[in-house]
Structures are given as structure tokens and as C-alpha cells.
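Comments concern the structure below.
Just so it is clear, none of the values below were taken in a lab; they were calculated from the coordinates. The structure presented is a predicted model; accordingly, all values stated were derived computationally and were not measured. Glycine also receives a Cβ, built like all others from the backbone with ideal geometry; neighbour counts cover every protein chain displayed.
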Amino acid sequence: MKQKILIAVRGPAVVVLCTALGLVLGSFTAREPKHVDLTIYARKYAFEPPTIKINRGDTVSINLITRDVTHGFYLEGHDIDAKVRPQHAPEYSTLLLRHPSKDEEFKEVDRIVFTANKTGKFRYRCSVTCGYMHPFMQGELVVNPNYPFWGGIGFCAGIALAMALAFVTGTRKVSPAAHCARRPDASSNESDNRRIAQ
Ligand SMILES: [Cu+2]
């Protein structure tokens, strides 16, 4: 009985132990939110880079530059709508920003700054009609959760070990070798019983 309880508890215990170990490791390796400095180039009809990957909690500072005409930069889920106008050289583009929820006018800024406090995928798209392919001028901001990496690895290792243990325990129970090995004992018990009966 005691052995059965020990076997039943062993699998979950391995998972918990490995996850805990992973989390302890993770607390040393989880990274602090950082300041991400980016330059995004807008041109007909694309943004460079087309995908930006950051971690939740990071503060992002975007320098938006146009390589040709006036473009917009609307970032979904972040209340950001910007416009970038060309000047005599791309690096001197004029950047204008407004927060649509505040119903405010565009104001000239140096950079678009925000903190990524939501995990997920957010599209950024051009919000100023710039040509016939304008609707396709889009990019994607990916905000990853900043959970400890090693916690997840520990959890997966725990599940794998628990499954391996369950498999080994299971095969041992139905192993034909074990079954055959037990047979002589059984027959000797039978003959013993017969001898006692005589
Ligand atoms: Cu456009």
C-alpha cells in the first residue's frame, strides 16, 4: 500500500521538483526590462524592419525616418499615431505624434516613446495615404512575456521524466520476464501446499 502511494506521488513530485529548480535558475537568468532604441524606416510601401520583437516591460524609443514621401505610423493597442515628413535628407525627417484617445493635435517630437505593458502581437500600419499600395504598408510588434526561461525548461523536463518513470513502472508490471520468473515460486507453493495436505 505504502509502495503504491510512493509510486503514485513520484511522477507529480518530479514535475514539481524540476519546475522549482527551473524557477530558481530562472530567477538568476530573468532579465530586467530594458530600454530599446529603434530606428524604423518608412518607404513606399513597407516599414524596415517589418517585425520588431521585444519583451513585456521594455521601454521603446522609436526614431521614425521616411525615405520618400510623408507616411503615417499607427500602432494598434498603444494609442500611438505618428506622421513623418521628408526633409532635405532622410535623417532630418520631421516626426509628429498624437494620442488618438486624447483627441489631441499632432505635435512635433524627437522620438515615439512608450512602455510595452501588454503581451501579444500588434500591427503598425501607415495612416497617411501614400500611394496605390498604401493599405499593404504594415509591420508587426511582438511583445513576448518576460517569464523565467528556465522555469519552462524545468517544467518540460519534469513532465518528460515523470512520463519516463510512468512508462518504466508500467512495463515492469506487465513484463513477461517478470511474469515467468514468478512462475516457479507459484508452482513450488502449490507443491508445498499439496505436501502439507498429504
Ligand atoms: Cu501609406
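Would you mind getting me the FRET efficiency between residue 132 and residue 109? Use the beta-carbon distance for r and R0 = 30 Å, nearest 0.05. Efficiency for this residue pair is about 0.50. For 74, 132, the sequence from fewest to most other C-beta atoms within 10 Å is 132, 74.
Highest mean packing comes first when the peptides 101-107, 136-142 are listed by Cβ atoms within 10 Å, giving 136-142, 101-107. Site pair residue 102 and residue 39 shows an inter-label distance of 2.8 nm when each label is modelled 7 Å from Cα along Cα→Cβ. Label separation (residue 117 vs residue 144): 2.3 nm, computed from points 7 Å beyond Cα along the C-beta direction.
The order of the peptides 61-70, 113-122 by mean Cβ neighbours within 10 Å, most packed first, is 61-70, 113-122.
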